[in-house]
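Asker: Here's a structure for you.
The values are calculated or read from the model by the stated rules, or taken from the named source; none is laboratory data. A quick note: this is a predicted structure, and the numbers were derived from the prediction, not measured. A quick note on method: Cβ atoms are made from the backbone with ideal geometry, for glycine too, and the neighbour counts reach across all protein chains shown.
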Amino acid sequence: MAKTPATFNKGDHVPENGEYVCVPCGYHRKLQAGEVFPECISCMSGTDEGQHEEYIEGMEMWEKVVPIVLPPASPLPLHSSKLK
Ligand SMILES: [Zn+2]
């Protein structure tokens with residue numbers, strides 16, 4: 001099952017605690033489960049004053065910020081041959 005990033009509209013209920021990003025402008029906002037997605041105070045998407053015409057009322061505009069999990073890096077050679 002492919003994991004597609006869930007997107008949400010203003011007025012949707014926040015499914016889980018976390019940080020969400022306004023898709024049009026990249027504004028981050030922390031929200032808690034049970035809250036309702038607000039309009040973005042940064043770009044006002046989801047309102048009549050929105051700067052992004054393609055993101056009008058009802059369009060998806062919040063997306064969960066997925067914490068970046070770094071892949072286990074190949075261990076750095078602690079005993080590098082390039083010792084000073
Ligand atoms: Zn925004």
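Asker: Do you know which of the residues in segment 6-42 that are more than 12 Å from Met61 (Cα to Cα) and at pLDDT below 90 is surrounded by the fewest Cβ atoms within 10 Å (Cβ to Cβ)?
Answerer: Ranking the qualifying residues of segment 6-42, first place goes to Ile41.
Asker: Something else: Consider Thr47 against the criteria (1) over 18 Å from the mean Cα position of the chain (by Cα); (2) at pLDDT 70 or above: it satisfies all of them except one. Which criterion is unmet?
Answerer: Condition not satisfied by Thr47: (2).
Asker: Take segment 27-44 and flag every residue that is more than 7 Å from the ligand (Cβ to nearest atom) and either of a type in the set (Gly, Ala, Ser) or in contact with a Pro (Cβ under 7 Å, 6 or more places away or on another chain) (or both).
Answerer: Ala33, Gly34
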